[in-house]
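What follows is a short report on a single structure.
The values are calculated or read from the model by the stated rules, or taken from the named source; none is laboratory data. Being a predicted model, the structure only gives us computed values, none of them experimental. Methodologically, a virtual Cβ is constructed for each residue, glycine included, from the backbone with ideal geometry; neighbour enumeration extends over all protein chains shown. Heavy atoms of the whole protein, side chains included, go into the accessibility calculation; ligands, DNA and RNA do not. Shrake-Rupley method; radii C 1.70, N 1.55, O 1.52, S 1.80 Å.
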Amino acid sequence: MKALVALILLVQLPIHKAVPAAPPAPLGCDDPESVAAAEAAVNYINGHSHHGYKFALNRIEDIRVVPQGPNNDIIFLELELLETNCHILSPTPLANCTVRSFVEHAVEGDCDVKLQKTDGTLSVLASKCHSHADSSEDILKVCPDCPLLARLNNTEVLGMVSAALNDYNSKTTEAYLRLLEIGRAKIQYHPAHTVVAEFAVGATNCSAEEAKANVGACQLLPKDQSNFGFCTAVMVKHPSQDLQVDCQLYGHQVPAPHIPLLSRVYQPTGQDTSAGLVPSAVGFTNHNLGLSHNNPVASESSSSEILRSMLSAKSVTKRAVAEAAQHDKVPRPVGFVPPPPPPCPGKIRHFDI
């Protein structure tokens, strides 16, 4: 009898089932973890770029986290970057580089990046970038008199850079400099016909005086002595004539073990590079971040995976933004508190382009 009573009581006891843990809330584009991942991605992109300028983060457009196990996540990022005034060879930390203003004819970079976060440590697995200058129409609407970016192989630009570097080498008592690449150029016709250019240079094993005897023998310094620099030049062609050039050498830099510094500089391969142009830059106004970026880790399949994953994320984000916009058009009663904004895209750090 006692056994039967015990059995009845046991059956009547509440059954407690294990409740599965709720999945973590999705990351917002401005959450600290998202910003940390974006900063790691930008540092990687700049560290592996070969030409042009360093880029700074303007906005995190989307983020998606795919858990792989305990303390192990795969992170997909979609980033909007803006060009700075620091050449890729400059030792200046990115935090001290100035983002070029909109009226300077800004250059935007769009990047899809795949990272892994293991035990709190971030590493970039793959990345795919593309950059382009803002449209001329947008610039001229805001500043009708502002000069626009000229093509890097424009004959006026090439002639001006050659004249500027020859002028500098004829006056310096230091090392003879060779042109590495033209970074940016502009041509203005009013109120004066002016050509402005920025270009990267490298010191050679000749002094400027020795180069006068046999310039063909002057070669860039070997990597254990390399000394790169950056020049800005302004040439007024009309109504008067004037040429001003300023070059600053960075001094020898010890390259990171995985990124030999000289590997960032385009080396001639039989093509005409007397103007310091890589083949991918010919006919364009800026160096394409996608063409200058080299990721030795990720395979082509990895890049394709990024695009497929990010395309899905983009459609979800755009749909959410559209639904929110439609939602705002519906009349609301007094005291109604609107829902919080969608977690992505994030805030604009500099300006919209």
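Looking only at residues of region 223-254 that are part of a loop (DSSP other than H, G, I, E, B) and among the charged types (D, E, K, R), we find that the one that is surrounded by the most Cβ atoms within 10 Å (Cβ to Cβ) is 223.
Looking across region 124-150, the residues that are out of contact with any helix residue (DSSP H, G or I) (no Cβ under 8 Å at 6 or more places or on another chain) and hydroxyl-bearing (Ser, Thr, Tyr) come down to 135, 136. Scanning region 111-136 for residues that are closer than 30 Å to residue 245 by Cα and either open to solvent by 50 Å² or more (accessible area, probe 1.4 Å) or at pLDDT 95 or above (or both) gives a single hit, 132. Condition check: open to solvent by 10 Å² or more (accessible area, probe 1.4 Å), part of a helix (DSSP H, G or I) and either at pLDDT 95 or above or among the charged types (D, E, K, R) (or both). Does residue 35 satisfy that? It is true that residue 35 is open to solvent by 10 Å² or more (accessible area, probe 1.4 Å), part of a helix (DSSP H, G or I) and either at pLDDT 95 or above or among the charged types (D, E, K, R) (or both). Residues considered: 224, 145, 138. Of these, the only one that is of a type outside the set (Lys, Arg) and closer than 23 Å to residue 51 by Cα is 224. When residue 178 is tested against (1) open to solvent by 30 Å² or more (accessible area, probe 1.4 Å); (2) farther than 18 Å from residue 188 by Cα; (3) more than 28 Å from the chain's Cα centre (by Cα), exactly one condition is not met: (3). One residue stands out among those in region 192-210 that are open to solvent by 10 Å² or more (accessible area, probe 1.4 Å) and farther than 13 Å from residue 237 by Cβ: the one that is nearest to the chain's Cα centre (by Cα), which is 198. For region 91-103, the count of residues that are open to solvent by 50 Å² or more (accessible area, probe 1.4 Å), touching a residue at least 24 places away in the same chain (Cβ under 8 Å), out of contact with any strand residue (DSSP E or B) (no Cβ under 8 Å at 6 or more places or on another chain) and closer than 22 Å to residue 149 by Cβ is at least one.
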